[in-house]
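Shown next, in structure tokens, is the structure this report addresses.
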Amino acid sequence: MRVRSAVVRVTAAVLAVGCITACADGDPTAAPGPAAAQDSARATAPGGADGAAGRAGTSAASARAGASCTAGKCTDTSRASGNGNRSGTGGGRHACSPSVSLDRYSDALDKTTFQGTFVGNLSALARDTDGSIAAVSDRSVLIGLDGRTHRPVRTAGLADEKGAVLDAEGLAVEPGGAYLVSSETEPSVRRYDRSGTLLGRLPVPDALRVAPAGRAQSNQTFEGLTLRPGGGTLTASMEGRLTGDGKDTAGRPLLRFQTWQRYGARGGSAPYRFGTAPYGSDSAPHGSDSAPSRSDSAPYRLGKQYAYPVDAGLGVSEIAALADGRLLVLERGFTAGVGNTVRLYLADPRRAADVSGVANLPDGKAVRAAHKKLLADLGACPSLGAPAHQPQTNPLLDNIEGMTVTGRAPGGRLRLLLVSDDNESPKQITRLYELTVRPGGH
């Protein structure tokens with residue numbers, strides 16, 4: 001009897017220590033965004049879904065483990081109904097896999113505005129030089145989020161060389177503060193200063209251009225973009241494969257990842273905020289109103305291109321570079337009436353073959369592609385009572401497109417922030433996800 005009492009006391013103590021006080025992020029000024037025409041090439045909601053579909057997605061939460069802890073008391077929240085601006089909380093104790101834990105999610109940004117700008121359509125995230133989070137929307141807007149609360153704090157518009165909006169899908173921040181933004185229209189990678197002024201454009205191999213200029217399919221190009229810590233290597237990931245490229249021996253489609261090497265970088269690592277005066281030597285064209293010189297506008301040269309084996313039925317929506325050269329890769333897909341599939345992989349391209357001169361993959365022989373390891377299927381994460389506005393096998397999931405490493409946790413783990421693109425649709429949600437990831441290895 002004494003032994004059982006001691007076990008109960010120890011168990012209660014462990015639960016109390018493991019819980020954290022629940023907190024909400026707070027809501028920016030809410031305003032519904034207009035429903036946009038949905039892009040069939042993206043993971044969008046099926047037409048004609050009604051409230052019953054949303055209820056069906058939410059009911060799946062009862063099959064997932066979830067918890068909310070307040071003042072040392074933990075309660076099951078897996079059946080919570082939720083609302084559009086709720087936050088699911090935790091302390092990194094909600095395991096998705098042995099390598100990944102879900103810390104919390106937040107819907108506080110969903111269908112909100114900031115200073116008249118719609119805060120949605122978010123397709124990429126990057127940690128900025130001042131500790132804030134830079135986000136880019138595929139409606140050509142750069143949005144700054146507070147690094148702690150994730151509230152919007154600033155915005156800047158982006159445009160191409162002719163002043164037209166971009167289909168911006170990828171984002172990276174240089175150590176000196178300039179922004180690199182990929183668009184899947186051409187595709188392209190452009191460079192902007194802190195105010196959103198265009199500085200230049202990086203070279204892109206002809207084969208990666210959208211047909212008929214190249215062999216890429218429309219809306220299947222540069223979806224992901226990441227700069228290796230230190231600013232030396234830039235990598236863009238194709239969302240889909242080129243016409244003529246095939247599969248590996250396991251039947252997985254082979255996508256191409258393009259790299260660039262930075263040269264002649266100028267400027268320090270001091271933080272700057274966009275929306276302020278241009279900074280340093282990268283601020284604007286020099287000496288005239290003509291285009292900037294090459295060294296200032298696009299200090300990158302084309303580098304290695306390698307193959308990446310994506311899971312059948314999925315595409316690569318985002319990548320994040322680690323300091324050792326490996327990549328976190330987010331694979332995503334959507335099935336009408338079923339919902340999203342989102343998987344997080346660790347990829348190692350360091351021994352992959354350079355396929356920039358290979359016309360067709362796998363070119364009749366085995367291609368040494370980047371090796372990948374599954375870290376987690378995010379559908380296996382606890383839902384934490386998250387609502388869904390369309391059918392989902394796990395209501396936590398939505399159209400996740402953005403990802404960035406925000407810091408380190410004890411034990412060599414990484415803190416990740418993910419975001420879903422709501423496409424301004426009432427059936428989708430702008431949702432932030434905070435994860436802790438143990439990549440392992442070297």
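Assorted remarks:
- A single entry from G357, G313, G333 fulfils the requirement of being at pLDDT below 95 and either surrounded by fewer than 20 Cβ atoms within 10 Å (Cβ to Cβ) or under 18 Å from the mean Cα position of the chain (by Cα) (or both): G357.
- Residue in the stretch 370-381 that is open to solvent by less than 10 Å² (accessible area, probe 1.4 Å) and part of a loop (DSSP other than H, G, I, E, B) present: yes
- Residue in the stretch 138-157 that is farthest from S183 (Cα to Cα), counting only those that are touching a strand residue (DSSP E or B) at 6+ places or on another chain (Cβ under 8 Å) and of a type in the set (V, I, T): V153
- Selection over the stretch 336-345 of residues that are in contact with a strand residue (DSSP E or B) (Cβ under 7 Å, 6 or more places away or on another chain) and either open to solvent by 10 Å² or more (accessible area, probe 1.4 Å) or of a type in the set (S, T, N, Q) (or both) gives a count of 4.
- Qualifying residue in the stretch 183-202 (condition: modelled with pLDDT of 95 or more, within 15 Å of the chain's Cα centre (by Cα) and either surrounded by 21 or more Cβ atoms within 10 Å (Cβ to Cβ) or outside any loop (DSSP other than H, G, I, E, B) (or both)): yes
- Residue within the stretch 148-157 that is more than 19 Å from the chain's Cα centre (by Cα), surrounded by fewer than 21 Cβ atoms within 10 Å (Cβ to Cβ) and farther than 17 Å from R191 by Cβ present: yes
- Residue check for S297: open to solvent by less than 60 Å² (accessible area, probe 1.4 Å), touching a strand residue (DSSP E or B) at 6+ places or on another chain (Cβ under 8 Å) and modelled with pLDDT under 65: yes
- Matching entry among S106, S101 (being in contact with an Asp or Glu (Cβ under 6 Å, 6 or more places away or on another chain), of a type outside the set (A, V, I, L, M, F, W, C) and either surrounded by fewer than 20 Cβ atoms within 10 Å (Cβ to Cβ) or under 30 Å from G411 (Cα atoms) (or both)): S106
- A320 vs. criteria of a type in the set (A, V, I, L, M, F, W, C), in contact (Cβ under 8 Å) with a residue 60 or more places away in the chain and either open to solvent by 20 Å² or more (accessible area, probe 1.4 Å) or within 30 Å of R191 (Cα to Cα) (or both): yes
- Number of the exception - T226 against (1) open to solvent by less than 30 Å² (accessible area, probe 1.4 Å); (2) modelled with pLDDT under 85; (3) within 26 Å of the chain's Cα centre (by Cα): (2)
- Some residue of the stretch 387-405 being open to solvent by 10 Å² or more (accessible area, probe 1.4 Å) and within 29 Å of Q258 (Cα to Cα): yes
- The single condition among (1) open to solvent by less than 10 Å² (accessible area, probe 1.4 Å); (2) without any contact (Cβ under 8 Å) to a residue 24 or more places away in the chain; (3) assigned to a loop (DSSP other than H, G, I, E, B) that L384 does not meet is (2).
- Residue check: G144 meets all listed conditions (1) open to solvent by less than 10 Å² (accessible area, probe 1.4 Å); (2) within 20 Å of A236 (Cβ to Cβ) but one, namely (2).
- Residue list for the stretch 233-290, filter: at pLDDT below 65, touching a strand residue (DSSP E or B) at 6+ places or on another chain (Cβ under 8 Å) and crowded, with 17+ Cβ neighbours inside 10 Å: R273, F274, D282
- Unmet requirement for V358, which otherwise passes all of (1) in a loop (DSSP other than H, G, I, E, B); (2) within 29 Å of G144 (Cα to Cα): (2)
The values are calculated or read from the model by the stated rules, or taken from the named source; none is laboratory data. For clarity, every value in this text was computed on a predicted model and none was experimentally measured. Here the Cβ is made from the backbone with ideal geometry for all residues, glycine too, and neighbour counts use every protein chain on show. Each accessible area value is taken on the protein alone, full model and side chains, heavy atoms only, with ligands, DNA and RNA left out. Shrake-Rupley method; radii C 1.70, N 1.55, O 1.52, S 1.80 Å.
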